[in-house]
Amino acid sequence: MYEVEITRDFSAAHNLRGYQGNCSHLHGHNWTVQAVVRARELDAIGIAVDFRKLKNELNSILETFDHTNISELECFRQTNPTSENLARIIYQRLTERINDERVQVARVKVCESAGSGATYFEEE
């Protein structure tokens, strides 16, 4: 099994509804997103997944969050924009774009600050 990972960044604001503390107020983060993709086999030239393709797909997903108040986005109308929920949404969107018979998204980690993050993956 091979794992390929990339890390990208974006900046956005959010607030947590129902939270008892400062995070209930609008505030921003420089978010870091790490995506890990698995492949059982390499392609004909020895690549699990093209870094360029993986970066382009993740960048395209993150553009929808970058420099926004993610609390106001449709995907967070019914759920809080926590790192956990953001990791799940990014995982699901990246899975739709990347997964095929050879390559699957393994996990997505979202950090809102250095040393504080949440990872989402699905059990096999």
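Search segment 82-124 for residues being of a type in the set (D, E, K, R) and surrounded by 17 or more Cβ atoms within 10 Å (Cβ to Cβ), and hand back the single one that is farthest from the chain's Cα centre (by Cα).
Of everything passing the filter in segment 82-124, GLU112 is farthest from the chain's Cα centre (by Cα).
Being crowded, with 17+ Cβ neighbours inside 10 Å, farther than 29 Å from GLU124 by Cβ and either free of Cβ contacts under 8 Å to residues at least 60 places away in the same chain or in contact with a Leu (Cβ under 7 Å, 6 or more places away or on another chain) (or both) is the requirement here; does ASN22 meet it?
No.
Given ILE70, ILE61, ILE89, which one is free of Cβ contacts under 8 Å to residues at least 24 places away in the same chain and in contact with a helix residue (DSSP H, G or I) (Cβ under 7 Å, 6 or more places away or on another chain)?
ILE89
Output the residues belonging to segment 13-35 that are farther than 14 Å from ASN59 by Cα and either part of a strand (DSSP E or B) or aliphatic (A, V, I, L, M) (or both).
In the first step, residues of segment 13-35 are kept if they are farther than 14 Å from ASN59 by Cα; the result is 13-30.
Result: ALA13, HIS14, LEU16, LEU26, HIS27, GLY28, HIS29, ASN30.
None of the figures in this text is laboratory data; all of them are computed from the coordinates on show. Computed from a predicted model, the values in this text were never measured in an experiment. Positions of Cβ are backbone-derived with ideal geometry, glycine not excepted, and every protein chain shown enters the neighbour counts.
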